[in-house]
Each structure stands twice: as structure tokens, then as C-alpha cells.
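This report concerns only the one structure given below.
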Amino acid sequence: MTLYDWIIWTGAVLTLIGLAALVWCIWTVSRARARGLDDAALRERMRGVLAVNLAALGCSAIGLMMVVTGIILAP
């Protein structure tokens, strides 16, 4: 495996980790809505999920950038 292969596969793994975290965020918020929490409790729950959501988006974006960079730079 070349360096570019490692960049591509590392980026793919980062993207999948970010995608899994996004699925977790969706699942957590939908579960909180299904419980019928009041507005304050739902806001508190979503505040914690927001940080994970932003980190997941960042992780996915960096992973996709690594994949594209590895593909472009590969000989």
C-alpha cells in the first residue's frame, strides 16, 4: 500500500465514524421527541447532541477531504 492508499482509507474510516455519529444524533433526538419531553427538557437534551452533531459533521468533512486529496494526488 502506498501513502495515498493510506490517506484514502483513513479518510474513508473518518467519514464512516462521522456518519455513525450523525446517525446516533438523529436517533437520540427522535427518541427524545417520542418520549414527549417538555420544551425545557428537550432543549437541554438537544444542547448536548448539538456538540456531537457538529463534531460528526467536521469529522465527515475532513474524511471526505482526505479521500479526495488521496485520489487526486495518487499517481
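The values are calculated or read from the model by the stated rules, or taken from the named source; none is laboratory data. Because the structure is a prediction, the values reported are computed rather than measured. Cβ atoms come from the backbone with ideal geometry, glycine included; neighbour counts cover every protein chain shown.
Odds and ends about this structure:
- Taking the conditions (1) crowded, with 16+ Cβ neighbours inside 10 Å; (2) polar (S, T, N, Q); (3) at pLDDT below 95 in turn, residue 53 satisfies each one other than (3).
- Residue count for region 15-55 under the criterion of being outside any helix (DSSP H, G or I) and either among the basic types (Lys, Arg) or closer than 28 Å to residue 65 by Cα (or both): the result is 1.
- Near pairs, Cβ below 9 angstrom, 6+ apart or cross-chain, from region 1-14 (part of a helix (DSSP H, G or I)) to any residue that is of a type in the set (S, T, N, Q) and surrounded by 15 or more Cβ atoms within 10 Å (Cβ to Cβ): 14/60
- One residue stands out in region 37-50 among those that are among the basic types (Lys, Arg) and surrounded by fewer than 14 Cβ atoms within 10 Å (Cβ to Cβ): the one that is nearest to residue 20 (Cα to Cα), namely 47.
- Where residue 23 falls short, out of the listed (1) at pLDDT below 95; (2) loosely packed, with under 12 Cβ neighbours inside 10 Å; (3) farther than 30 Å from residue 1 by Cα: (1)
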